[in-house]
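To start, the structure under review is shown below, and the notes come after it.
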Amino acid sequence: MAESEHTGRRGAGAGRLVRKAAGVVATGVTGVLVVRLVEGREPGSLPRKVAVRVTRWGIVGTRRAEAAVERARLAAGDVRAQAYADLGEQAPPPASRGAGGHDHPH
């Protein structure tokens with residue numbers, strides 16, 4: 001299999017995941033907006049209940065998307081480590097996420 005074909009499929013899968021996550025986030029944002037519109041109403045009103053449910057779906061969907069991305073990242077790391085092992089080398093440690101000109105504290 002050509003390297004470009006493999007990379008293309010991987011990119012398509014990542015794009016699909018990003019589109020799905022974006023849809024979930026948009027759903028959550030819509031829920032928040034609806035809640036803001038009905039904040040003045042009584043807490044048990046139907047629009048508020050719907051807004052809370054939609055927001056909850058958005059939160060759950062976002063968590064699932066984050067978990068899927070983390071699983072993909074770990075799987076890619078395992079493949080990379082195996083490739084180094086097959087070459088008889090030790091895989092270098094992952095790069096620090098704080099590197100790259102991001103030197104201020106949070």
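LEU74 falls short on exactly one of the conditions (1) modelled with pLDDT under 80; (2) loosely packed, with under 11 Cβ neighbours inside 10 Å, and that condition is (1).
Taking each residue of the stretch 49-77 that is on the phi < 0 side of the Ramachandran plot and looking for partners that are among the charged types (D, E, K, R) and assigned to a helix (DSSP H, G or I) with beta-carbon atoms closer than 7 Å, six or more apart or interchain, yields ALA65/LYS20.
Give the stretch 47-71 a look and list any residue that's of a type in the set (Gly, Ala, Ser) and modelled with pLDDT of 90 or more, or say none.
Scanning the stretch 47-71 gives GLY58, GLY61, ALA65, ALA67, ALA68.
The values are calculated or read from the model by the stated rules, or taken from the named source; none is laboratory data. Here the structure is a predicted model, which means the values were calculated and not measured. FYI the Cβ positions are ideal-geometry reconstructions off the backbone, even for glycines, and counts take in every protein chain you see.
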